[in-house]
Amino acid sequence: MGRDSVIIFISLSDIVYISDTFVLLLGVVCALSSLYKWCLLDLDKYLEEKSTLVNKALEKLLGARDTYPPVLHQAEHYSLFAGGKRLRPALLLASAEVVGAGTNVAINAACAVECIHTYSLIHDDLPALDNDDFRRGVPTCHKKYGVAMAILA
């Protein structure tokens, strides 16, 4: 992560923005929980593993793209799998690991966090708000599927 990286951690009560101090925060959490071995992980590898895990779970939870109504499911897939690091679900899964819960216990919650985040991006891009045409270099959901379908996705 670069100096200008921003991570958004979604808690139950608010959204807290933290930057590269995330790495320091992980170290403090690990030290406090005496999980020294867990702290010796390669962060990039860990995030990649959790991203893959979350993507597989999202595919399973969402079902096929041609599920009725197909246009809605295509719009959901389009936005959820448009790229991204899956930092929010990784933070949730890391928190579950720190307190001794397995990722299998927290994976649905991690997927829910990612769905809420994606929903917020879709709605932020709408013409009534930021009116963005592109996100991550591809047309936004409302540009590809229309405003009404983007609101539903």
Name the lysines eligible as straight-distance cross-link partners of Lys45: C-alpha to C-alpha under 18 Å, and not fewer than 8 places from it in the same chain. Lys37, Lys56, Lys85
Are there chymotrypsin sites (Phe, Trp or Tyr not before Pro) in segment 56-153 that DSSP puts in a loop and that have at most 16 other Cβ atoms within 10 Å, and which ones? Phe81
What does the net charge come to around Thr67 if you take all other residues with beta carbon closer than 15 Å to its beta carbon, with K and R at +1 and D and E at -1? -1
Dimensionless Rg/Rh of segment 79-153 - Kirkwood Rh, Rg from C-alpha atoms: 1.09
Tally Lys/Arg at +1 and Asp/Glu at -1 over every other residue whose Cβ is under 15 Å from the Cβ of Ser95; what's the total? +1
The ³J(HN,Hα) series, computed from each phi in segment 57-73 with the Karplus coefficients 6.51, -1.76 and 1.60 at θ = phi - 60°, rounded to the nearest Hz and given as x for glycine or proline, is 5, 4, 4, 5, 5, 6, x, 6, 5, 9, 4, 5, x, x, 5, 5, 5
Under 5 Å, built H, 5+ apart or other chain: amide partners of Val138: none
Each residue of segment 124-140 in turn: what ³J(HN,Hα) in whole Hz from Karplus with 6.51, -1.76, 1.60 and θ = phi - 60°, glycine and Pro shown as x? 5, 7, 4, x, 6, 10, 7, 6, 7, 8, 9, 9, 6, x, 10, x, 5
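Read the figures in this text as sums done on the coordinates, not as results from a lab. None of these values were measured; they are calculated from a predicted model. For neighbour counting, all protein chains shown are included, and Cβ atoms are generated from backbone atoms with ideal geometry for every residue, glycine included.
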